Amino acid sequence: MHISNLFCVLISFIFLACNSNQKHPGAVVTGHPEATKIGIKVLEEGGNAVDASIAVQLALAVCFPSAGNLGGGGFMVARMHDGSSYALDFRETAPKRSTTNMYLDQNENIIDSLSTYGPLAVGVPGTIDGIFEAHNKFGKISIDTLFNHAIRLALKGFEITERQANAFNYYQEDFEKFNPNNSYLQALNWQKGDTLRQIDLGKTLTIIRNKGRKGFYEGEIANNIVSTIENQGILSLSDLKEYKSKWRDPITLEFKNYKLISMPPPSSGGIALSQLLIKIFNFSLEDIEHNSTEYIHLLSELEKRVYADRSQHLGDNDFYDVPIHRLLNKKYNQQRASTINFRQATPSDSISAGLFNLNESEETTHFSITDSFGNAVAVTTTLNTSYGSKIFVNNSGFLLNNEMDDFSAKPGSPNTYGLIGSQANSIEPGKRMLSSMTPSILEKNDNLFLVLGSPGGSTIITSVFQTILNVILFDMNIQHAVDNKRFHHQWKPEYIYIEKNLASDSIIKSLQNMGHYIKERNSIGHVNAIIYDKNTISIGVDKRGDNSGEILNN
Ligand code: DON
C-alpha cells in the first residue's frame, strides 16, 4: 500500500474510533421535575438509558397522572451505543368484545363521548408489559430499584405545580361523574404546592414490583380493573392476561447526512414524519425564511398531503396491510409534493390519499434520555386525553385510558383530534388503534445527534417535524428550536392552526389571500429533546408545560 493511502486509512481509523467513543455525559428531559430527578438518580447509580426510562415512566405515573400512567400505553424508540436501533410497541389493544360499530347508534351516527369518556373508552393497557419487556432486553440494574423510586414518591408525596392544581380543580366534575363511589383528587380546592400522596398507587406499584408483569395483568389489580368497569365495560380478565407488547422494526430514513429512526405502525408518526422530510428536501430551501408566509404555506401544503395519506392508509399493520414501502417511496413523495401551488392553497377536498394497489405487497407525555454509555431512548406514553377515560381503578390508585377514540369509529368521522380514518383504522378485537406519537432519534454522520418527541395528539408529528427543521435547516440551538412557535395542518379540518404571536397580521392576511383558513391556538406540542453537537450535549425543555431537564454531572 502506498504510504499516503496508509496514512488515510490510519486517519479514518482514528476518526472512527474517536466517534464510537464519543463522550456522552447523559441527560434526562421529562414532563415533570420529580421524574427528571429520578431519571438522573438512576443514571448516577450506574443504570443505562433504558433503566432510567423505566424509572421515569413509573415516576410519571405518580407525579403526572394526567398522562403518565399504568393504565395506558406508549412507544419507545432506542438507539444503543453500538448503533443498533429498536422500537417497542406497548400500545393499548381493543378488547376482545369490541366491535367495529360499537360507538354507533341504530342510525349509524356516532354516540357522543362514548369513545372518550367512561368504561367503553378503555383499551387494554400496555405500559407495564412494555416496562418488563424493555427491562428484560436491556435492563442493567434491578427492576426492584427502578420501582422503588416511584413507590417512595407515591407514598411520601410530592408538591403539585400550579398547572396541576388548576387541572385537578377543573376535572373535579368529571372525576365525580365517573367515580361516584371512589374519590379521586376530589373535594379539595387544590393549590400550587399542595402535597399529593397516593397510598393505593404505592401499594399497586409494590404488588407489581414483587410479582412482576403478572402483578398487573392477573390477580388483585386485574380484578380491580375489570370490576371497576364491569357494569358497562367490555374489558375482560383474559384481555389483560393475554396483552403482549411487541418489538418492531423502526422506520428509518436516510436524508442528507442524517438518519431518522422513528416509530412504525401502529403509530403513524415515523411514516408521516419521513414523508414530510422526503417532501420538504425536494425543494430548494436556501432562501426560505423561518415562519414566513412562504414557509407556513409550504409546510401546511405538505402536511395536508401527508395527513390525507394517514387517514386512508395507516392503521395497525398486524391487521391491515399498511403500504409502508409505497408511502416512503421517494418518487411517490416527490410527485405528491410537486402538486403544490406556491401562490394558492390547494383545497383539502381536492386532495386525496395516494392511490396504491393495496394487494401489493392535549394529554400525553414524552421524555428523552441518554446515558454515558452512548445509549439513547425516546419514549412517548399516553392515556390519550387528559386523565384518559376519567375512570380511576378501585383501590388501586390509577386511571384508565380512553385510547379507543384513536380508532376510526366511523369512516370519515373525526375523532377528538379531528382526525378522520378509514377501514385501515377500524375497530377489531385485539387490534391497536392508530397513533400519532413520534418518539424519534436522529443520527448525523452516523453519530447520535438528536433525541426528541412530543405530546399533542395529531400535532405531535408536525411539532417534531418543525423542531427538526429548526435545528437542521435554521441552525437554531435546541432550546430555541423547542421554544419557537409552531403551526399545524392536518388536511381536515381545513385550518392552519397557529400558535399565538407566531405570525404578524400581514402574514396571516397573505396566507388568507392564498386561500388558507387560520385558527389561533394557545399552544401546540411539548417537545423534550437532547442534542449532541460538536461534542457538546444540550437539552431543549419545552416551557409550554411543567417539563424539566438535567444534564448528568460527570
Ligand atoms: O396516540 C395518539 O396519537 C394520541 N392518543 C396521543 C394523545 C395526545 O398526545 C394528547 N396530548 N396532548
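The E230 and Q423 beta-carbon pair, evaluated with R₀ = 30 Å, returns a calculated FRET efficiency of approximately 0.45.
Compute the Cα gyration tensor for region 111-265, then decide on rounded, prolate or oblate, letting a ≥ b ≥ c be the square roots of its eigenvalues: rounded whenever a/c is under 1.5, prolate when a/b is larger than b/c in the other cases, and oblate in all that remain. It comes out rounded by the Cα gyration axes. Residues within the reach of a label modelled at K244 (point 7 angstrom out along Cα to beta-carbon, backbone nitrogen below 17 Å), restricted to region 263-283, are 266. Could you work out the relative contact order of region 193-248, using alpha carbon pairs under 8 angstrom and six or more residues apart, expressed as a whole percent? Computed over region 193-248, the figure is 25 percent. DSSP bridge analysis restricted to the chain gives an antiparallel fraction near 90%, rounded to the nearest 5. Among S227, S350, S436, S386, a tally of other beta-carbon atoms within 10 Å of each Cβ gives an order, fewest to most, of S350, S227, S386, S436. With an a/c value of 1.5 or above and a/b larger than b/c for the gyration tensor axes a ≥ b ≥ c computed over the alpha-carbon atoms, region 377-429 is described as prolate.
Take the Cβ atoms of N394 and E218, set R0 to 22 Å, and the FRET efficiency comes out at 0.85. Stokes-Einstein diffusion of region 407-554 at 4 °C, 1.567 mPa s viscosity, Kirkwood radius from Cα pairs, rounded to a whole number: 76 µm²/s.
Annotation: extensible slack from S506 through N553 equals 12.3 nm (criterion: 0.36 nm per residue apart, minus Cα-Cα distance). Starting from the Cα of S413, move 7 Å in the Cα-to-Cβ direction to define the label point; list residues of region 120-145 whose amide nitrogen is under 19 Å from there. The answer is 120-123.
Three semi-axes describe the equivalent ellipsoid of the chain; taken as square roots of 5 times the Cα gyration tensor eigenvalues and ordered largest first, they are 35, 30, 22 Å. Among 438-445, 104-111, sorting by the average number of other beta carbon atoms lying within 10 angstrom of each residue, highest first, gives 438-445, 104-111. When the pairs K156/K246; K330/K410; K390/K492; K246/K330; K256/K485; K137/K259 are compared against a 30 Å limit on Cα-Cα distance, K156/K246; K330/K410 fall above it.
Between S523 and N445, the modelled label-to-label distance comes to 3.7 nm, taking each label 7 Å out from Cα in the direction of the beta carbon. In this simple spin-label model, placing a label point 7 Å from the Cα along the Cα-to-Cβ direction at both Q106 and F255 gives a separation of 5.1 nm. Classify region 345-458 from the C-alpha gyration tensor, please: rounded if a/c falls under 1.5, else prolate or oblate depending on whether a/b exceeds b/c. Note, shape of region 345-458 comes out oblate. Cβ-Cβ distance of E45 and K177, R₀ of 45 Å, FRET efficiency by 1/(1 + (r/R0)^6): the value works out to about 0.60. If each of T536 and S284 carries a label point 7 Å out from its Cα toward its Cβ, how far apart are those two points in nm? Placing both labels 7 Å beyond Cα along the Cβ direction yields 3.3 nm.
Each value in this text was obtained by applying a stated rule to the coordinates, not by laboratory testing. Keep in mind it's a predicted model, so treat the numbers as computed, not measured. Here Cβ is always computed from backbone atoms with ideal geometry, including for glycine, and neighbour counts include all displayed protein chains.
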